[in-house]
Amino acid sequence: MIRLAVDAMGGDHAPEAMVAGAELARDQHQDLEILLFGDEQELQAQLKDSTRIKIKPTTEMITMEDEPVRAVKGKRDSSIVQAALAVKNGAADALVSAGSTGALMVVGLLMIGRIKGIDRPGLTVTMPVIDNEIGFTMIDAGANADAKLDNIRQYATLGTFYAENVRKVKHPRVGLINNGSEADKGDIAHQKMHDMLVQMGENGEINFIGNIESRYLLNGVADVVVTDGFSGNVALKATEGSALAVINMLKTGIKTSGLRGKLGALLLKRPLQAIAKKMDYTRYGGAVLLGLQSPVIKGHGNSTAKMFKNCLDHAYEIASSGYTEAVKEYLLKSAVTKQATEK
């Protein structure tokens, strides 16, 4: 049985969307149990079927306005803190929240904890590509703006294992976001990142294919895209914004094109729906903080029931994939090998 701890009070549409999403996910996975943390009366009022869904009462809530560290330390009976403690204590396999990203980072680091050998977790997102349904994985998308070389090395390892174990991609191609594809492109920091990833590729640790310009991301040029959190967040938001802008332009063009345009749109309805679905990044189920002892998934703050259900599906997929155990085993072997080499 896979158990997910849910911060049911986090998000713009909480707790309605979180409870409804939990019921949808529960119905899809017969070996899934969900623990809903939050106001007991509010959750009970929204819950239609309590089969394999348990309400865990809490009395406090961390809002987007709260300072994350202070709130986590001061509001111990908040839904996100109690959900994190359930994961830490082994009562649940993963944590899911659409609430404060800062608070989620804090409980992830301070309560659930990092995997030994990982300095900082990376915020990882799966984005769509044109020619397949798998998409590509990008790490880091905003958790660590000032990434050091060791962070990038760890992100490449975490992303590779994630693509292999969760996304089921064999021998995933790893690329580095840069302002050009040539080896000498970028500032000194990115040139050093490139050279280090080349060395990892030569050592057989990853399948590194070189630098990647962000304009090619949706073409599926890589399965894992590694970057610092600043560049990754910029690329993520630019990609999301461009996709939404194109879809809105199509809608506006159809509405203002007269009868002939509307008839043409009617004939193209299915292809247009397919394009909209293809570019819908929310179907991949939010972002995951890779590098922690247990999976931590961050849903969009405006998550609807369907979007939050996708987050729960994502958490279930990671928890049942053996990803975390595979990473821990690999890092342990690497540390042992390094110690033996140094001796």
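The values are calculated or read from the model by the stated rules, or taken from the named source; none is laboratory data. Just so you know, these numbers come straight off a predicted model, no measurement behind them. For neighbour counting, all protein chains shown are included, and Cβ atoms are generated from backbone atoms with ideal geometry for every residue, glycine included. Each accessible area value is taken on the protein alone, full model and side chains, heavy atoms only, with ligands, DNA and RNA left out. Shrake-Rupley method; radii C 1.70, N 1.55, O 1.52, S 1.80 Å.
Observations
Matching residues to (1) within 17 Å of residue 114 (Cβ to Cβ); (2) of a type in the set (Lys, Arg); (3) touching a Pro at 6+ places or on another chain (Cβ under 9 Å):
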residue: 133; (1), (2), (3): no, no, no
residue: 142; (1), (2), (3): no, no, no
residue: 145; (1), (2), (3): no, no, no
residue: 148; (1), (2), (3): yes, yes, no
residue: 153; (1), (2), (3): yes, yes, no
residue: 158; (1), (2), (3): yes, no, yes
residue: 167; (1), (2), (3): no, yes, no
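- Residue count, the stretch 172-200 (criterion: within 30 Å of residue 321 (Cα to Cα), open to solvent by 30 Å² or more (accessible area, probe 1.4 Å) and either modelled with pLDDT under 95 or assigned to a helix (DSSP H, G or I) (or both)): 2
- Residue match in the stretch 226-237 (condition: touching a helix residue (DSSP H, G or I) at 6+ places or on another chain (Cβ under 7 Å), open to solvent by less than 30 Å² (accessible area, probe 1.4 Å), under 21 Å from residue 123 (Cβ atoms) and not in a loop (DSSP other than H, G, I, E, B)): yes
- Tally of residues being open to solvent by 20 Å² or more (accessible area, probe 1.4 Å) and in a strand (DSSP E or B) across the stretch 284-305: 1
- Scanning the stretch 111-162 for residues that are in contact with a strand residue (DSSP E or B) (Cβ under 6 Å, 6 or more places away or on another chain), polar (S, T, N, Q) and either surrounded by fewer than 24 Cβ atoms within 10 Å (Cβ to Cβ) or part of a loop (DSSP other than H, G, I, E, B) (or both) yields a single hit, 126.
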